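The values are calculated or read from the model by the stated rules, or taken from the named source; none is laboratory data. From a predicted model like this one, the values you see are computed outputs, not experimental measurements. Here the Cβ positions follow ideal geometry from the backbone for every residue, glycine too, while neighbour counts run over all protein chains shown.
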Amino acid sequence: MPRIGRQASSTGYYHVMVRGINKEFVFQSDSERRLLLELLCEQHAKDSFELAAWCIMSNHLHALVKAELATLSRAVKVINLRYAARYNSMHQRVGPVFGDRYRSEAIEDEAYLLGALRYIHMNPVQANLVQDPADYRWSSYKEYTADAVHISETQKAFVLGLLGGSARRFTEFHRQSDLTLYLETGEDRESYRLAVAHKVLEQFCALHGIERAEQLKGDPERFSAISRQLTQNVGLTLRKAAEMLETSHTKVYQALQED
């Protein structure tokens, strides 16, 4: 897909994440999530950014926005400060609510934009909160298949246009696997990588009628194939792949040397 133009003012798409201090559940109740969403939409309404996607989890927020970088930084600071003040008041506490400065990632092309949007919407599925992203209340997923309530109509039309303008294509796109590791901390990236690896192994075993990963050791060709998928495609270390395959890292290494 084409690259997304970025002007000298740094206007472009950004994947943004804010997280509770020490990963605390600072967005756990409905009232807390509504407050965060209200603050997010206030900044959207003030033209600080165009909101293209969002998902509120118990300890962090993901958002996909189009903005000028300096304006985005100010807007997120306002959201964080106002949320912290209200949160501390509600819970009769003092001190910081968020762990550090928000994290953001500039998005340079349309393929990565769509991948980041899917990643945001699939967060609740990866966390085993729901099986279908449409069943999660606190994300923008259903705004793409029904009415846009919080996201920008312009951004909704743009995103759907990248998928042929079809809500059905949007739904199908979210069912596709994606091994890309998007904006997260190192610990979160590893957790996500392991989740992807388990899914890859599960699908491989189902495809070949295998009940337990340990049975793959008796089939050198398939053992070699899944070893390559887990280490080269997903990025697991030899030891992690060996643990998942219920074997030794030496066996995995030997399988990778085979043609």
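Within the stretch 221-228, is even one residue crowded, with 17+ Cβ neighbours inside 10 Å and among the aromatic types (Phe, Trp, Tyr)? Explain how you work it out, then say what you get.
As a first pass, look at the stretch 221-228 and keep what is crowded, with 17+ Cβ neighbours inside 10 Å: 222-224, 226-227.
Okay, now just the ones that are also among the aromatic types (Phe, Trp, Tyr), so 223.
Scanning the stretch 221-228 turns up at least one residue that is crowded, with 17+ Cβ neighbours inside 10 Å and among the aromatic types (Phe, Trp, Tyr).
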Checklist entry - Which residues, counting only those in the stretch 221-259, are touching a helix residue (DSSP H, G or I) at 6+ places or on another chain (Cβ under 8 Å) and assigned to a loop (DSSP other than H, G, I, E, B)? => result VAL234, GLY235, LEU236, THR237, GLU246, THR247, SER248, GLU258
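Which of the residues belonging to the stretch 150-181 are among the β-branched types (Val, Ile, Thr), in a loop (DSSP other than H, G, I, E, B) and at pLDDT 95 or above? Spell out how you get there, then give the answer.
First, the residues of the stretch 150-181 that are among the β-branched types (Val, Ile, Thr): 151, 154, 159, 171, 180.
Pick out the ones that are also in a loop (DSSP other than H, G, I, E, B) and you get 151, 180.
Within the stretch 150-181, just ILE151 meets the criteria.
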Checklist entry - Does ALA75 count as over 20 Å from HIS150 (Cα atoms), of a type in the set (Gly, Ala, Ser), surrounded by 13 or more Cβ atoms within 10 Å (Cβ to Cβ) and at pLDDT 90 or above? => result no
Checklist entry - Hey, does the stretch 83-98 have a residue that's touching a Lys or Arg at 6+ places or on another chain (Cβ under 8 Å), outside any helix (DSSP H, G or I) and surrounded by 18 or more Cβ atoms within 10 Å (Cβ to Cβ)? => result yes
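Would you say ALA213 is on the phi < 0 side of the Ramachandran plot, crowded, with 17+ Cβ neighbours inside 10 Å and either modelled with pLDDT under 90 or touching a helix residue (DSSP H, G or I) at 6+ places or on another chain (Cβ under 8 Å) (or both)?
Values: on the phi < 0 side of the Ramachandran plot: yes; crowded, with 17+ Cβ neighbours inside 10 Å: yes; either modelled with pLDDT under 90 or touching a helix residue (DSSP H, G or I) at 6+ places or on another chain (Cβ under 8 Å) (or both): yes.
Yes, satisfied.
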Checklist entry - Any chance the stretch 102-118 includes a residue that's within 14 Å of the chain's Cα centre (by Cα), over 18 Å from GLN155 (Cβ atoms), among the aliphatic types (A, V, I, L, M) and surrounded by 15 or more Cβ atoms within 10 Å (Cβ to Cβ)? => result no
Checklist entry - Which residue pairs have Cβ atoms under 7 Å apart, sit 6 or more places apart or on different chains, and have a first residue in the stretch 236-250 that is assigned by TED's automatic domain parsing to the domain that holds ALA213 and more than 14 Å from GLU190 (Cα to Cα) and a second that is in a helix (DSSP H, G or I) and among the basic types (Lys, Arg)? => result ALA242/LYS251; THR247/LYS217; HIS249/ARG239
Checklist entry - surrounded by 17 or more Cβ atoms within 10 Å (Cβ to Cβ) and assigned to a strand (DSSP E or B) - does that describe any residue in the stretch 19-41? => result yes
